[in-house]
Each structure stands twice: as structure tokens, then as C-alpha cells.
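Enquirer: Below is the structure I would like to discuss, written out as C-alpha cells.
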Amino acid sequence: MYLLRLALASLANRRFTAFLTAFAIALSVCLLLAVERVRTEARASFASTISGTDLIVGARSGSVNLLLYSVFRIGNATNNIRWDSFEHFANSKQVKWAIPISLGDSHRGYRVMGTNESYFEHYQYGRQQHLELADGRPFATDPFEVVLGAEVADALHYKLGDKLVLAHGVATVSLVKHDDKPFTVVGILKRTGTPVDRTLHISLGGMEAIHIDWHNGVPAQGAGRISADQARNMDLTPTAITAFMLGLNSKIATFAVQRDINGFRGEPMLAILPGVALQELWSLMGTAEKALFVISLFVVLTGLIGMLTAILTSLNERRREMAILRSVGARPWHIASLLVLEAFALALGGSVCGLALLYIGIASAQGYVQANYGLYLPLSLPSTYEWTLLAGILGAAVLMGTVPAWRAYRQSLADGLSIRL
């Protein structure tokens, strides 16, 4: 115990250098734990980009491709699904709710999605969180109403009542626009940190209305054009959709319904479990995740090397101190233990300060990160893995402390008391 008191007194005597060394370790520890928290929560957040949905169904293709265009609005479907096929499964006794999705148009680089009122009622993200409106209301009976994601509204400076024109296709710059049928902004969703923020939501009737006078991918000309008022009075039931999401009455029925869909004879379709497909997609990005963790480990190593450098540099200045300790009865292993304890104290102080910085950072940025990136960072105690990382840092500090300890151990009493020119 007296060696520990002596080590702390020695550090207090060199408080400025000790503070800078501990602070460097604290920053590296904070970075390491922050990266680990973000990695863990990003994986959980990514896996919950869509939650509460049992199956996603689309034209037969790959599971990752279906997930990308139906949830992340990336890429395009290989084919559409007939409306009667959707109704067949939506009306099944095992299905609790169904959300149809129709894609293919855009607005200034943002995807447009056609759906119905079930989307606002049943779609969930994160930890079973429902969509909420920041302003306005969902689209209603008028087919030419649009509900904007938060990012679309902020980036394009739209507000309730504004008019906008959708473009055909998903290119950033489109030469073909549905300018004869403008939409009115009736609602703006709260930010979710998911692809919902980057989507314009219209009704399936609205999606059908803007294409009602199109033939073979080309708009009608002259007398063949159908105005917005004429379209409102027409049957706007879609003939095909891009995909649909299903919520089932029982989780036990998931695999049975999936088999029924995949074996459906009406047309080739694919049903995927969102969680499984998300994990498959995440595994493709595992290299970047590991690289980020390795970089943070090297930052911690840099902080520990800085501590080692500071202790080694101070040895020449402390030769007389070590010799005096030897002269009053301290044994060589006492001197070595003193330096190891100093290294341990610096690492421990840095680790505690690093934890404090981490929690201060999480507390101050928690709301902003969740609102803008959909990433929930909990103010929870360190996990078992994080405690293991901290123990590893302390062990590495003790191991590095043995280097100056060995040098001090070999210094002689005469060397410390003699005047070196």
C-alpha cells in the first residue's frame, strides 16, 4: 500500500506531465469504447431498420436485392406483382395486416413510394417504433396528396400546402415529368434515421393516376391525355405493385406462409424474413466494421506508447530520486514496482476519465444522433466485452510499465548519487 501512495505522490509531483499522459489515454479509451458502442448499436439499428414485419414479398430474385429496393430504396425490382396475387395473401386468415408498395418514380433524386393507409398504421422501425407525423396528416381520398420524409422536407424546403411534380423513373435528372398532375404536401413525418426520411409517400391511387394515360412506358399525347380532374373520377385500383410487407397473426406461421408464397403457382414470388436478410446484408459490410475497430485499437496503443515514453523520459531526471530511495532501504524490486504502479495508475485514471467522457458525450448527443441517424446510444453500464477491453488496456499498461521498471531495477546506487558530466 505504501508503494501505491508513493507512486501517487510521485505522479502528483509531476502533475502536469501525468495529467497530459492520462488525458491522452482517456481520449483513446473514449474513442475505443465509442466505436464499440456505435458498432454494436449500429448493427442493432441496422437490423431494426424495419421491425415488426414478418415477411417481405416481391418478384422472385435475390433476398438482398428485394431488401434493398423495398426497404432501402436502392436498385429496382426485376418484375412487378399482380394486384390479385397481393389480395390473395393479404386476405389470408394467417395474415394480420399487409402493406403494398409501388415504386418507380422520383422527385429531385428522392424515391417516391405508393402505398396505402396501412403503412402509417403498421410500419415500424427501431425498437417497435411507429411512424409519427411532425406536421399535417396522412394522405386521404384525394389521390394527389403526398407525405414527405423528414430529410426530403428539410433538404428541399417544403412545407404543408406546397405543390410538387413527380418525375418518371429514378434518375436524379429526369426528362419526363408528370407535370400535368401536381401533388400537394399534406404531411411531413418525424425524423426516423431510416430510408423513410428520404422517401415521398403517395397513395396507390396517386401512383396509378399519374400513369393512367401512359402506354408502353410513354405518355399519351394530345387528346389521349387524361387530366387530374378526370383521373380523380376514374377507378384507380392498381393492376400491379412492386412488393408488399406482411404482419402475421402468429410468429409460428411465418415459415408456413413463406413456403406458400415461394411455391405460389399464380406467379413467381419470393418471401424473405427481414431480420435474416438484414444480417446477410450486414455481413457484406463487415470488413469496414472491423477496420474501424482496428483503427481505434491502434489509437489506444498510441496513447499507451505515449505513457511509456513519458515514464522513460522521466527516468534520467529521477535517477537521484531512485538512489535516495535505495539509500533509505528500498530494494531494487521496490523501485521496479513503483514504476509499474505509476503506469497502472496512469492507465486506470485515463480509463476512468475515458468512461466519463464517453457518458458525457452520449448524454449530450443521444437525442441528436437518434433523430438524425436512427442510432440509439443507451446510457448503460459497460458490457462484459467493454469491461474486457478496459482490462486489456490496464494489462497492456502494466506490461509496458515493466520496460522502465527493468531499467530502474538495473540502476545502481552509485550511479544515482554520482555527478554525471
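Rule-based calculations on the coordinates, nothing more; no lab input. From a predicted model like this one, the values you see are computed outputs, not experimental measurements. Using ideal geometry, Cβ is built from the backbone for each residue, glycine included, and neighbour counts are taken over all protein chains shown.
Enquirer: May I ask what percent, to the nearest 5, of DSSP beta bridges between residues of the range 55-272 are antiparallel?
Expert: Values: 35 of 44 bridges.
In the range 55-272, approximately 80 percent of DSSP beta bridges are antiparallel ones.
Enquirer: Under 15 Å from the Cβ of THR141, count the other residues' Cβ atoms, weight Lys and Arg +1, Asp and Glu -1, and hand me the total.
Expert: Numbers: positive: ARG137, ARG232; negative: GLU117, ASP142, GLU145, GLU208, ASP229, ASP235.
Neighbourhood net charge equals -4.
Enquirer: Shifting gears a bit: Give me PHE72, PHE16 ranked fewest to most by other Cβ atoms within 10 Å of their Cβ, as a rough exposure proxy.
Expert: Ranking PHE72, PHE16 by Cβ neighbours within 10 Å, fewest first, gives PHE16, PHE72.
Enquirer: Which whole-angstrom value gives the distance between the alpha carbon centres of the range 28-77 and the range 263-283?
Expert: Taking the Cα centre of each part, the range 28-77 and the range 263-283 sit 14 Å apart.
Enquirer: Applying 1/(1 + (r/R0)^6) with R0 = 60 Å to the Cβ-Cβ distance of SER364 and HIS215, what FRET efficiency is obtained, to the nearest 0.05? Please report the intermediate quantities before stating the final value.
Expert: Details: r = 57 Å, r/R0 = 0.95.
About 0.60, to the nearest 0.05.
Enquirer: Residue separation times 0.36 nm, minus the C-alpha to C-alpha distance between ASN79 and ALA44: what's the value?
Expert: On the way: separation 35, 0.36 × 35 = 12.60 nm, distance 3.09 nm.
Result for the pair: 9.5 nm of gain on full extension.
Enquirer: Net charge around ARG73, counting only other residues with Cβ within less than 11 Å of its Cβ (Lys, Arg = +1; Asp, Glu = -1)? Could the numbers behind the result be given before it?
Expert: On the way: positive: ARG111, ARG198; negative: ASP197.
My count for the surroundings of ARG73 gives +1.
Enquirer: Assuming 0.36 nm per residue, please report the length gained on full extension of the stretch TRP387 to ASP135 beyond their Cα-Cα distance.
Expert: Numbers: separation 252, 0.36 × 252 = 90.72 nm, distance 4.38 nm.
Additional length available on full extension: 86.3 nm.
Enquirer: For GLN124 and ASP235, what is the calculated FRET efficiency with R₀ set at 30 Å and r taken between the beta-carbons, to the nearest 0.05? Please list the in-between numbers first.
Expert: On the way: r = 32 Å, r/R0 = 1.05.
The calculated FRET efficiency here is 0.40.
Enquirer: Which value in nm describes the separation of the simple spin-label points at LEU273 and VAL403, placed 7 Å from the Cα toward the beta carbon?
Expert: Using points 7 Å along Cα→Cβ, the separation is 5.0 nm.
Enquirer: Starting with the fewest neighbours, write out SER364, SER61, SER45 ranked by other beta-carbon atoms found within 10 Å of each beta-carbon. Please report the intermediate quantities before stating the final value.
Expert: Working: SER364 10, SER61 16, SER45 22.
Ascending Cβ contact count within 10 Å gives the list SER364, SER61, SER45.
Enquirer: Related question: For a footprinting-style exposure proxy, rank LYS93, LYS190, LYS290 by other Cβ within 10 Å, fewest first. Show your work: numbers first, answer last.
Expert: Numbers: LYS93 7, LYS190 15, LYS290 11.
Fewest-to-most ranking of LYS93, LYS190, LYS290: LYS93, LYS290, LYS190.
Enquirer: Can you list the lysines whose alpha carbon sits under 16 Å from that of LYS163, skipping same-chain ones fewer than 8 residues off?
Expert: Straight-distance partners of LYS163: LYS177, LYS181.
Enquirer: Show me 335-348, 154-167 ranked by packing, highest mean number of other Cβ atoms within 10 Å first. Before the final figure, lay out each step's value.
Expert: Details: 335-348: 22.7, 154-167: 14.4.
Sorting 335-348, 154-167 by mean packing, highest first, produces 335-348, 154-167.
Enquirer: Once amide H atoms are placed 1.01 Å from N in the peptide plane, what residues at a sequence separation of 5 or more from ARG60, or on another chain, have their amide H within under 5 Å of its amide H?
Expert: MET269, LEU270
Enquirer: Sticking with this structure for a sec: For the range 190-283, rounded, prolate or oblate, judged on the Cα gyration tensor with a ≥ b ≥ c (square roots of eigenvalues), a/c < 1.5 rounded, else prolate if a/b > b/c? If you can, show how the numbers build up before the last one.
Expert: Numbers: a/c = 2.59, a/b = 1.80, b/c = 1.44.
Judged from the Cα gyration tensor, the range 190-283 comes out prolate (a/c at least 1.5, a/b above b/c).
Enquirer: Given the peptides 47-58, 231-242, arrange them by the average over their residues of other C-beta atoms within 10 Å, most packed first.
Expert: Working: 47-58: 21.2, 231-242: 14.6.
Averaged packing, sorted descending, gives the order 47-58, 231-242.
Enquirer: Right, another one. Which residues in the range 50-73 place their backbone N less than 13 Å from a point set 7 Å from the Cα of ALA155 along the Cα-to-Cβ direction?
Expert: 73
Enquirer: Taking the Cβ of HIS211 as the center, what net charge do the other residues with Cβ under 13 Å away carry, scoring Lys and Arg +1 and Asp and Glu -1? All intermediate terms of the calculation are to be shown ahead of the outcome.
Expert: Numbers: positive: LYS177, LYS181, ARG225; negative: ASP105, ASP180, GLU208, ASP213.
That works out to -1.
Enquirer: Holding the Cα-Cα limit at 24 Å, pick out from LYS93/LYS251; LYS159/LYS190; LYS190/LYS251; LYS96/LYS190 the pairs that are longer than that.
Expert: Working: LYS93/LYS251 13 Å; LYS159/LYS190 13 Å; LYS190/LYS251 29 Å; LYS96/LYS190 26 Å.
Violating the 24 Å limit, Cα to Cα: LYS190/LYS251; LYS96/LYS190.
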